[in-house]
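Below is one structure, written out as structure tokens; the observations come after it.
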Amino acid sequence: MAELKILAENEQKTTTQKTRAFLYQRLLMESINVPDSGPQPSTQEGHGGQAQGTENPAQQPQVASAVPAKKRMVVESRSLVWHHFEKIKNSENIVVQGKCIYCLKVFFCESKKHGTSSLKNHMMACLKNPVSKDMRQSLLTFNTVSTSATEAPVGVLGTWVFNQEAIRRALCEMIIIDELPFRFVEGQGFKKFILVACPRFQIPSRWTISRDIYQIFLDERLSLKKLFRVGTQRWRLQKKIISFVPVSSPRGEYIAKALESCLLEWGIKNVFTVTVDNASSNDTSMEFFKIVQDGLRFADESVKRVRDAVRWVRNSPARLNKFRELAELIGEEAKSALQLDVPTRWNSTYLMLNTAIQYQSVFDSYHQNDPSFSVDLGSTPSFLDWGTVESLMKLLKTFYEMTVRISGSLYVTSNTFFSEISDLSCMLEEMTKAERTEKAMGTKMKEKFDKYWGDPEKMNHIIFFANILDPRDKEEYMPHQFIQLYGEAKDKECFAKVQNSMVALYNDYAATYSDSSSSNQHVQSQLTTCTVGRPVSRMNSELKKKKRLESGGGSSKQTELQIYLSENLVEDDESVSFDVLKWWKNHSERFPILSKMARDVLAVPISTVASESAFSTSGRVLDAFRSSLTPKIVEALLCTQDWLRLHNQPITLEENLDEVERLEKELPTGAGTTLPSMLPSIPEEV
């Protein structure tokens, strides 16, 4: 307290010292818990002998008023963000907000409340800022790349930088490929997902998405047109949907006009073949369907009993669980799940019977343990029914595997089609020589087979040409195949017609491409002969050309077709898949004309599975969520989906039921259960 009195009575102190004394006094009072205005205990001071208490409160303002008001110097901000923002000041000339000069967004930036952190963050992320791309920081990512279905995925280290346009493009491609509705981007779940995954991404509206999708369609179409112009020499089978438009009438002239408009728009001048969805045009899938359907009629009762048994088990979850328990107990559990068929689709009937016959003992056990099985069905599959189904399965398996082979979209199918027909004829011939039901089925199916392939005049010669252009077959087996199909009375005549047609087609290609090849040879001869000083005789060249034309394009020298047919067959290694287009690509220098012919002939599709797949896709696109799409948008969605999908993905004929069965087994059963990964494990005591 003595120090406090000395500081209060010292009037010679400077203003700064008085201020410090006042603050020190306040701090000391607070430390001893003495209120400012309360009475203070008196103390004796040696100087003057007077009692001195607390200073008069009225004197405190005098001490404070002695301190002059010091104005704070305004310092202009030196932050670099103000090169990209406009300052917004209040009435007191204080900067309170910053406005981006690129996107015009406003952010609070008052120095005492907010600072410039928000401005810096926006400056780094602003997509309209020309220097933001250089200022953004890349993030390391570890992406998995799957090399094949059997090998484990391989990780690749890369970088990622936020890009609004790239994410927006990927969103449009997801909607196209996965057939999502446009309003998907306005869903609450998607917005929440984006908020967690990438908060900086600005979700576009469905109208913006529709415009972006159509622009992607235009860009991809332009790229594909360029590929058609400059990439015609690629030795790889391609499947592209280039148009999907409504036709006002199913009449031929309207369809022809639609095709003509499509070809003119794409600048396609040369069309080699046209495959249509009509039985009169050798549509393979329809023919196999009709042939097998006639055979199935003879086993209709047995197939119906098996179908009813499968339907009865699958209609109740309790029955299906009991069926699985019996299968596990007996040890007859198959890899595939029980599935119902579509009675009008024989390939689905084959898949149903193929699975059901593996569970034959389980069905018999179910019949013995559950009386309701026979009561509800009335007639259950008997031992004779299973025997009939087993015999039918051998036939259907051959047809099913044959259909799968000729319906491929990633490889050439025309070169093996004639061999498939020959094998089918042999199989039906054996069935007609069998006994009982199999003989009746074979006889009926042989009649339908002869209707489509029994007359050689109705066969398109392209089928024979493709078989000859396969270096593994050529003409080696064709005479025997003609005998099998048409008998010894017609085999020689048919084979001679095919040979003559093959030579005529080759001569057309030789006449078309020989001028360009001869001109190249002419240039090469000039380069080689000019060194020895021998002039090139134009008259001799013209006479040789005239002589070659008068003799039908032939000469004493063997043609490429003759050389090709005279060489040995290529050995067929079943362990290695043979790529016929790759073989012709490797031998295109030896056979420059014949290789062009082979490329056109082998590219002819045998089935219409690819076209039917496109129409199936259209049924999913024009669903309840996309019922108001315009024809242009529908075409853009279908074509762009086909162009953006991976080229190595085959067209699947059936659903992958094995994956469905595996997933169903992994899910827990019973009411109120939860996936194991959703909740932590609970101790038994609880």
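Key figures
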| read-out | value |
| --- | --- |
| Sum of side-chain charges, E265 neighbourhood, beta-carbon under 11 Å (Lys, Arg +1; Asp, Glu -1) | +1 |
| Order by protection proxy (mean Cβ within 10 Å, highest first), peptides 582-590, 439-447, 467-475 | 467-475, 439-447, 582-590 |
| Rounded Å value of the spacing that divides the Cα centres of the stretch 349-426 and the stretch 212-249 | 40 |
| Protection proxy ranking of 262-274, 203-215, 629-641 - average other beta-carbon atoms within 10 Å, highest first | 629-641, 203-215, 262-274 |
| Violating pairs (Cα-Cα greater than 29 angstrom) within the set K239/K439; K191/K225; K446/K492; K448/K492 | K239/K439; K191/K225 |
| 18 Å Cα-Cα threshold exceeded, pairs from K474/K497; K226/K269; K87/K120; K397/K458 | K397/K458 |
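We did not get these values from a lab; they are worked out from the coordinates using the rules stated. As the structure is a computational prediction, the values presented were derived from the model and not from experiment. Don't worry about glycine lacking a Cβ; one is built from the backbone with ideal geometry, like all the others, and counts go over all protein chains shown.
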